Amino acid sequence: MTIAIHESALIRHFNTRKEVLRAWEESIGCRFSPFRGFKMPDSRLYVEHPDFLDSIVDLIITNERHIFLRGPVGSGKSTLMLLALRDLPTLADRRGNKFITGYVGMTGLYEKQMAAAIADSLRVKYRRSWESTQIIDAVAQESLRRYVEEKCRTALFIEDVADNQEAAFHKLRFLADLPTEEMREGFTDALDEPIITLVMSGTAVYWNAMLSFLPQIADRTEPLDVPPLDDMKAREFIGRRIAYAQSRIDSFDPDSFEVQPFEEKAIVAINTAARGNPRDIRMLARGCQQVAAENLRKNGNPIVSNQIAELVCEAYATILREVR
């Protein structure tokens with residue numbers, strides 16, 4: 001017996017929609033949507049803030065305070081952390097120490113999960129049967145050994161730190177306080193500075209929570225507000241993504257590039273509505289792509305005009321207000 005399976009109207013609608021979007025992508029030479037989401041995007045897509053990035057690295061090198069990168073969701077905190085993480089292994093601090101770096105990008109971690117994630121990121125060996133305190137002790141001892149024997153200081157990056165369980169914070173507090181008085185014994189002046197620098201990220205709400213619940217760390221931490229993208233950087237953000245989808249990213253020149261099929265005024269409208277937030281720029285650009293794809297189907301024109309951008313920004317205005 002043969003069973004006929006008929007597509008529902010909803011499935012046909014989405015399949016047609018995919019075909020329309022794919023036609024737009026092909027019309028501008030893209031292999032996929034330039035505005036697809038990435039959990040961990042290719043570093044060639046990053047739009048850098050050189051001065052702001054320098055301020056992060058300078059604080060780590062001087063070793064005077066921990067760092068909290070503060071900004072709304074999608075503002076580029078993780079990108080900045082990864083860029084700083086990229087640069088540190090080639091640098092030395094004011095005492096000539098090199099850097100051992102670790103990055104914890106997972107959130108919602110319990111106490112032992114946090115301890116294990118820190119140890120794994122810093123390549124510190126431990127037994128799976130150990131409790132969280134034993135794991136963190138191993139991290140502390142190895143960080144001390146690296147500092148004394150290898151002249152390497154540790155920089156630990158922790159993304160969206162307040163999304164983790166409260167007990168995990170106490171492990172961070174312990175690391176932030178290193179070296180302990182016991183560690184200092186017998187080393188005279190060799191251990192007169194912190195051996196681990198914490199670089200954390202989160203929203204302003206998370207920072208305020210840290211001020212309330214972990215003042216011991218917050219008092220020794222410098223909050224840095226992530227700057228929004230200006231219109232030129234928003235243009236580069238879109239230009240890089242188009243070049244990436246067109247397989248031209250290796251030859252991308254930040255001083256000379258095209259943003260076709262986006263009109264220049266369209267990018268300004270998008271960035272104004274997004275307030276320089278990269279996540280929101282990507283969302284609005286994706287919305288513009290959908291409208292432009294319909295135009296392409298109807299009249300053969302793939303351009304994202306200023307009119308399209310303004311219509312999309314107006315349509316997304318409520319969503320943007322709710323997610324901020």
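A few remarks follow.
- Charge tally in the Cβ shell below 15 Å around A116, where Lys, Arg are +1 and Asp, Glu are -1, A116 excluded: +1
- Approximate shape of the range 165-311 as ellipsoid semi-axes (Cα gyration tensor, √5λ), whole Å, largest first: 48, 18, 12
- Taking only the Cα atoms of the range 50-225, the radius of gyration and Dmax are 15.2, 47 Å.
- Percent of Cα pairs exceeding the 18 Å cut-off, where the set is the range 45-93: 26
- Within the chain, helix-based [θ] at 222 nm, where runs of 4 or more DSSP H residues each add -39,500 (n - 2.57), nearest 500: -16000 deg cm²/dmol
- Cα Rg, Dmax (largest Cα-Cα span) when computed across the range 230-323, Å: 13.0, 38
- Two-decimal Rg to Rh for the range 205-262 - Kirkwood Rh, Cα set: 1.32
- Charging the Cβ of each Asp and Glu at -1 and of each Lys and Arg at +1, and nothing else, the dipole of the range 220-283 about its Cα centre rounds to 300 debye.
- Relative compactness, the chain, computed as alpha-carbon Rg over 2.2 N^0.38 Å: 1.21
Any read-out appearing in this document is the output of simple, stated calculations on the displayed coordinates, not a laboratory observation. A quick note: this is a predicted structure, and the numbers were derived from the prediction, not measured. Note that we place each Cβ from the backbone using ideal geometry, even for glycine, and neighbour counts take in every protein chain shown.
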